[in-house]
Amino acid sequence: FSERFRNAGPPPLALTYRYLDLRGFYVYNLLHSAFGYDVRSGTDHHFSFDNIGIDVLRPQLQPSFQNIFGQNEFLKRSFGNQLFTGFLLRSFTYTFADKPNAFGERWFFRLNTEISGLEEFAVNRLWSIPFGKQTWRIADLDFSKYLRLDLTGSYTREFSRNLTAAVRVNLGAAGSYGDTADVPYVKQFFVGGPSSIRAWRIRELGPGGYYERDSTGEYREPAQPYYQAGDFRFEFSGELRFPLFWWVKGAVFLDGGNIWTFKPDPNRPGSAIGWESYKNFALGTGFGLRFDFDYFVFRFDWGLKLRRPYRVGDEGYWVDWSGAKWREISNFNLAVGYPF
């Protein structure tokens, strides 16, 4: 196996800079460097190792988000200048993607793991034996210590040239350790949007059974910008894709799932995962148009809310479409490429 690494896995060196500006939310600057191996076994199996990885994260809050930030201890703990490090194994990704069999079936599986701060944690523990416990920083950067696991599997069946059914399941979990109280915000999980539960917008949904309340404790429509994230994610999606005319294709879909936190959050009651978390599954359906030009696909999906992860008055969990405003029960998505 080590011989295959040397011969088939030339060590890639990566150095990237990412700038993200979410209007009314936050801006972050992320400098990423990595060194590792990229190995393929046959045509179906792909292994990717980042032995060394260093990320520098510097977020900046927008004024309209500072009010939310100032009231939420969870955001304060998980949002700041941080250093993600790994000098033995920063991340590992395994991907399996086979070709269609005689029945038009294809399977896809991806496992991604990340670990940060393990070496700093171990050295700090050894240092604390003779010198006492220390909190190490580099300038204004905190060492972030977390472990993240993300699993995705999908099954696709082509009944004919233009009629296809596809199912996807995703499971993710992340946890902090050492003196890091919470997983960094940018490494937590979220749902909603064009590649997730399409009846809700990105970060609008969850965690768990949490919902915004007014001064009387009644349900209140969430205020933008949406910022929800959690430590655990489970979601699933199914689509039936079919031709319409020329290069335009249609689809009907069903999405479900949610995110949860591992620890109770006083600012978000009902967010923690527990034995009754199955009640917090959100469901959405809808239909879409795909403009398939072979080399790229424009996708329009209209999602409709079926089931909320929380109760609202006499409606309960299930959304009552009668007399409802369409903007309150639906969400329009525009994207490039298929969702899975």
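The values are calculated or read from the model by the stated rules, or taken from the named source; none is laboratory data. Here the structure is a predicted model, which is why all the values come from computation and not from measurement. As a convention, Cβ positions derive from the backbone with ideal geometry for all residues, glycine included, and neighbour counts pool all protein chains shown. All accessible areas refer to the heavy atoms of the entire protein, side chains included, with ligands and DNA or RNA removed. Shrake-Rupley method; radii C 1.70, N 1.55, O 1.52, S 1.80 Å.
Would segment 317-330 turn up any residue that is touching an Asp or Glu at 6+ places or on another chain (Cβ under 8 Å) and within 22 Å of Asn170 (Cβ to Cβ)? Checking segment 317-330: not a single residue is touching an Asp or Glu at 6+ places or on another chain (Cβ under 8 Å) and within 22 Å of Asn170 (Cβ to Cβ). Arg290 meets the conditions (1) outside any strand (DSSP E or B); (2) of a type outside the set (A, V, I, L, M); (3) surrounded by 18 or more Cβ atoms within 10 Å (Cβ to Cβ) in every case but one. The failed one is (1). Out of all the residues in segment 273-285, is one or more under 23 Å from Ser154 (Cα atoms), open to solvent by 50 Å² or more (accessible area, probe 1.4 Å) and modelled with pLDDT of 95 or more? Within segment 273-285 (the criterion being under 23 Å from Ser154 (Cα atoms), open to solvent by 50 Å² or more (accessible area, probe 1.4 Å) and modelled with pLDDT of 95 or more), the answer is yes, since at least one residue qualifies. A search for C-beta distances below 7 Å between a residue of segment 173-194 that is free of Cβ contacts under 8 Å to residues at least 40 places away in the same chain and over 15 Å from Phe84 (Cα atoms) and any residue that is surrounded by 18 or more Cβ atoms within 10 Å (Cβ to Cβ) and of a type in the set (Ser, Thr, Tyr), counting only pairs 6+ apart in sequence or on different chains, returns nothing. I want to confirm something. Restricting to segment 11-60 and keeping residues that are of a type in the set (D, E, K, R), assigned to a strand (DSSP E or B) and at pLDDT 80 or above, which single residue is least open to solvent (accessible area, probe 1.4 Å)? For segment 11-60, the residue satisfying everything is Asp55. Could you tell me which residue of segment 200-240 is farthest from Leu304 (Cα to Cα), considering only residues that are hydrophobic (A, V, I, L, M, F, W, C) and in a strand (DSSP E or B)? That would be Phe232.
If the condition is being open to solvent by less than 70 Å² (accessible area, probe 1.4 Å) and either closer than 27 Å to Arg157 by Cα or hydroxyl-bearing (Ser, Thr, Tyr) (or both), then segment 297-309 contributes Val297, Arg299, Phe300, Asp301, Gly303, Leu304, Lys305, Leu306.
When segment 158-199 is filtered for residues that are assigned to a loop (DSSP other than H, G, I, E, B), surrounded by 20 or more Cβ atoms within 10 Å (Cβ to Cβ) and over 14 Å from the mean Cα position of the chain (by Cα), the ones remaining, listed by number, are Thr180, Asp182, Ala199.
Against the condition of a type outside the set (Phe, Trp, Tyr), open to solvent by less than 20 Å² (accessible area, probe 1.4 Å), within 22 Å of Val312 (Cβ to Cβ) and modelled with pLDDT of 90 or more, how does Gly270 come out, does it pass? Write out each step before concluding.
Values: of a type outside the set (Phe, Trp, Tyr): yes; open to solvent by less than 20 Å² (accessible area, probe 1.4 Å): no; within 22 Å of Val312 (Cβ to Cβ): yes; modelled with pLDDT of 90 or more: yes.
Taking the combined requirement at face value, the residue does not satisfy it.
Of the candidates Phe121, Phe143, Phe87, Phe92, the single residue that is touching a Lys or Arg at 6+ places or on another chain (Cβ under 8 Å), surrounded by 12 or more Cβ atoms within 10 Å (Cβ to Cβ), touching a residue at least 12 places away in the same chain (Cβ under 8 Å) and within 23 Å of Leu13 (Cα to Cα) is Phe143. Summed over segment 241-259, residues that are open to solvent by 20 Å² or more (accessible area, probe 1.4 Å) and assigned to a strand (DSSP E or B) total 8.
A single member of Thr113, Thr135, Thr95 is more than 30 Å from Phe159 (Cα to Cα) and modelled with pLDDT of 95 or more, and it is Thr113.
Scanning segment 310-340 for residues that are among the hydroxyl-bearing types (Ser, Thr, Tyr) and surrounded by 14 or more Cβ atoms within 10 Å (Cβ to Cβ) gives Tyr310, Tyr317, Ser330, Tyr338.
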